[in-house]
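Data block below; observations after.
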Amino acid sequence: MIKINNLDFAYNNTQVFKNISLEFEKGNIYGLLGENGVGKTTLLKLICGLQKPQHGSVTVDGLTPSMRQPQFLQNVYFLPEEVITEDTTPEKFIQKIGVFYPRYDFALFNQLMKELEVDLSKKFNELSHGQKKKALLACALSLQTDYLFLDEPTNGLDIPSKALFRKVISQYCNDETTVIISTHQVKDVENLIDPIIILDRDDVLLKASFAEITKKLYFEYGPERLQNAYYTEMLPGGYINVMPNEDGLESNINIEALFNAVMKNKETIKNLMQNE
Amino acid sequence: MNNTLNINRFGKILKHDGLNFFPNLILTLAILWAIPVIVYLAVALMPTNDTKDAVDAFSRVDLISTLANIAIIIAPARLYRYCNDSRKGIGYAMLPASTLEKFLSMLIYCVIVTPIVYVAGALAIDSILALFHGPYEGFAVSIYFDTFAKINAVFQRDGIMLDESFMLYYASISPIFMLILSAIGTLAISSIFMFGNMIFKKRKTGKMLGILIILFIIFMIVVINYVAHNEAINLYFQQMNDDNKAEFIKNIIFRTMDITFYAEIIISALMLFGVYRKIKTQKY
């Protein structure tokens with residue numbers, strides 16, 4: 001379990017987080033959403049121990065990430081947004097680092113490379129950007145760490161690859177794994193992530209499961225723009241309205257509309273979600 | 001789980017770094033290995049008495065030692081170039097090994113493996129070249145580890161006659177102790193550039209060399225000023241003449257050796273502590 005307590009973090013004079021507290025439980029695929037520059041990557045780096053909190057604490061299964069103890073490191077893998085690879089094949093790369101991870105499975109790596117349709121014989125620098133990302137994803141998943149952190153994993157992937165991405169991530173997650181996907185391309189991770197966390201500057205605007213969100217908010221797809229909606233957006237064939245769910249109706253979440261509704265009504269929705 | 005030092009995990013990080021060793025350093029080593037070959041060819045093509053003297057076994061040992069030091073200077077930035085890079089260094093930081101294991105592995109490859117691989121290769125090349133009836137006479141390998149013979153040759157070449165006590169002193173020093181002295185010198189050079197590799201993001205070796213040159217100039221200005229204005233030292237040098245020149249040189253050498261020895265140990269310890277701290281606390 002990941003626990004963040006009263007976390008303060010700043011880059012020089014730029015405050016990124018101010019007294020935020022969060023918990024991430026096992027067995028979930030968290031979607032970490034937010035506008036550019038709100039600190040999604042920084043939060044992942046703090047959880048990975050690549051940055052150190054100025055105040056407050058971050059613990060992962062009781063261990064402090066910034067101490068970078070092997071016991072912690074062998075259970076986490078962070079796939080950064082920017083694809084940085086060595087002049088070698090993905091196979092040689094995973095064989096080099098895999099030995100450090102107790103549950104690393106080379107057969108799984110080969111299977112994932114096939115599923116993701118990546119050429120095993122090519123070196124990283126001979127692969128396209130999307131292929132490199134998929135190869136690194138296969139590497140990351142084959143390590144079978146308890147915690148997997150993916151920063152903008154779908155950037156640069158074509159449409160079929162995005163579907164493959166959702167498929168392999170769904171297969172990977174079990175009761176013992178925690179996946180946090182940081183993204184601003186919310187449609188790419190629709191039907192994959194649950195719960196959702198929306199970050200704002202200095203703050204966490206929303207952290208809730210789909211069930212909790214639909215209990216409080218109603219997503220209405222209809223022919224007209226509703227006056228009491230937190231957010232309305234025109235879609236082909238009508239409108240989507242994000243409204244308070246006063247009658248306890250069931251609806252399907254549209255993550256993009258949810259995100260925009262939260263960004264437009266920060267305090268209102270934050271208070272709504274916090275009220276029991 | 002031992003989070004500080006685990007032999008099995010240490011073996012893995014050694015293997016990991018070892019797999020990166022040749023791909024990252026081979027070009028540098030190849031260039032440095034090529035230099036004695038270029039010298040050989042140059043002398044073979046333009047043989048004069050001066051050039052032949054310049055490539056006797058002792059001179060070649062000097063050349064190989066100098067090139068080994070260059071390899072040591074360059075190695076940290078070639079082998080661990082990205083370990084403090086905010087993007088490219090993430091993989092290294094997240095590798096499940098302790099700070100101590102990563103530090104020891106870095107130390108082994110920069111301080112031990114690099115000079116051994118370079119010197120072994122250079123001596124092998126020298127021996128092959130010496131087999132031909134070309135300008136290389138004698139084998140550098142036969143005297144490379146004989147520090148006494150090397151020092152004697154340097155003094156003879158420079159026309160300095162040392163008294164018997166000095167020669168006896170040197171002859172009495174065990175080869176192992178001489179090796180330790182040499183190793184500490186190597187450690188000092190390497191540790192400085194390992195530290196430079198950790199604190200600078202770009203042009204790591206060049207920046208560290210620049211700092212060393214500036215520090216050396218400042219140091220020389222301070223020392224020259226001190227010596228020039230110190231009456232006791234001036235009086236001491238005024239007493240030097242042809243009869244006691246060897247004794248003076250011997251004393252200066254002994255004192256310089258002592259100071260250098262302790263300075264190298266202190267510098268190495270400080271620099272290596274800095275490297276360890278940087279590996280442990282580097283932010284990405």
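Can you list the aspartates and glutamates whose alpha carbon is less than 15 Å from that of A:LYS52, not counting same-chain residues fewer than 8 positions off? Partners within reach: A:ASP8. Taking the helices alone, the protein assembly as shown has a mean residue ellipticity at 222 nm of -17500 deg cm²/dmol, built from -39,500 (n - 2.57) per DSSP H run of at least 4 residues and averaged over all its residues.
Of all aspartates and glutamates in the structure, the ones whose alpha carbon falls short of 16 Å from that of B:LYS250, not counting any fewer than 8 places away in one chain, are B:ASP158, B:ASP163, B:GLU164, B:ASP242, B:ASP258.
Stokes-Einstein diffusion of the protein assembly as shown at 37 °C, 0.692 mPa s viscosity, Kirkwood radius from Cα pairs, rounded to a whole number: 116 µm²/s. When the charge dipole of chain B is built from unit charges on Cβ atoms (+1 for Lys and Arg, -1 for Asp and Glu) and taken about the Cα centre, the candidate among B:GLY210, B:ILE26, B:ALA93 whose Cα reaches farthest toward its positive end is B:ALA93. In terms of overall dimensions, the C-alpha atoms belonging to the stretch A:101-177 reach 33, 24, 19 Å along their principal axes, ordered largest to smallest. Applying the criteria of a DSSP loop state and at most 16 other Cβ atoms within 10 Å to the GluC sites (Glu not before Pro) of the stretch A:198-246 yields A:GLU224, A:GLU246. Chain B has equivalent-ellipsoid semi-axes of 37, 27, 18 Å, by the square roots of 5 times the alpha carbon gyration tensor eigenvalues, sorted largest first.
All C-alpha pair distances within chain A, sorted into 5 Å bins from zero, spread as 1, 6, 12, 15, 17, 15, 13, 10, 6, 3, 1, 0 percent across the bins. Filter A:LYS134/B:LYS102; A:LYS45/A:LYS167; B:LYS202/B:LYS283 down to the pairs with a C-alpha to C-alpha distance above 18 Å, please. Pairs exceeding the cut-off: A:LYS134/B:LYS102; A:LYS45/A:LYS167.
When you filter the trypsin sites (Lys or Arg not before Pro) in the stretch B:164-268 for DSSP loop state and at most 15 other Cβ atoms inside 10 Å of their Cβ, you are left with B:LYS201, B:LYS202, B:ARG203. Counted by neighbouring Cβ atoms within 10 Å, the residues B:HIS133, B:HIS16 run from fewest to most as B:HIS133, B:HIS16.
Remind me, relative contact order of the stretch A:2-207 in percent, using alpha carbon pairs under 8 angstrom and six or more residues apart? Don't skip to the end; give the middle numbers.
Details: 385 pairs, mean separation 65.0, N = 206.
Taking the mean separation of contacting Cα pairs over the length of the stretch A:2-207, I get 32 percent.
Considering the stretch A:209-274, its Cα convex hull presents a mean projected area of 4.2 nm².
Test of understanding: ordering B:MET194, A:MET273 by Cβ neighbours within 10 Å, fewest first, what list do you get? Intermediate values should be presented prior to the final figure.
Values: B:MET194 30, A:MET273 17.
Ranking B:MET194, A:MET273 by Cβ neighbours within 10 Å, fewest first, gives A:MET273, B:MET194.
Could you put B:PHE58, B:PHE195, A:PHE149 in order, starting from the residue whose Cβ has the fewest other Cβ atoms within 10 Å? Spell out each step's value before the answer.
Details: B:PHE58 19, B:PHE195 22, A:PHE149 27.
Sorted ascending by nearby Cβ count, the order is B:PHE58, B:PHE195, A:PHE149.
Could you give the dipole magnitude of the protein assembly as shown about its Cα centre, charging the beta-carbon of Lys and Arg +1 and that of Asp and Glu -1, in debye to the nearest 20?
On the way: 52 positive and 56 negative charges, 22 e Å.
It works out to roughly 100 debye.
Which one, B:ALA130, B:ALA232, B:ALA269, has the greatest fluctuation when you compute a Gaussian network model over chain B with C-alpha springs under 10 angstrom? Maximum fluctuation in the GNM of chain B, among the listed residues, is at B:ALA232. The distance linking the stretch A:1-76 with the stretch B:234-251 is 67 Å (Cα centroid to Cα centroid, whole angstrom).
Read-outs throughout are calculated quantities, based only on the coordinates presented, and are distinct from any laboratory measurement. Being a predicted model, the structure only gives us computed values, none of them experimental. Cβ atoms come from the backbone with ideal geometry, glycine included; neighbour counts cover every protein chain shown.
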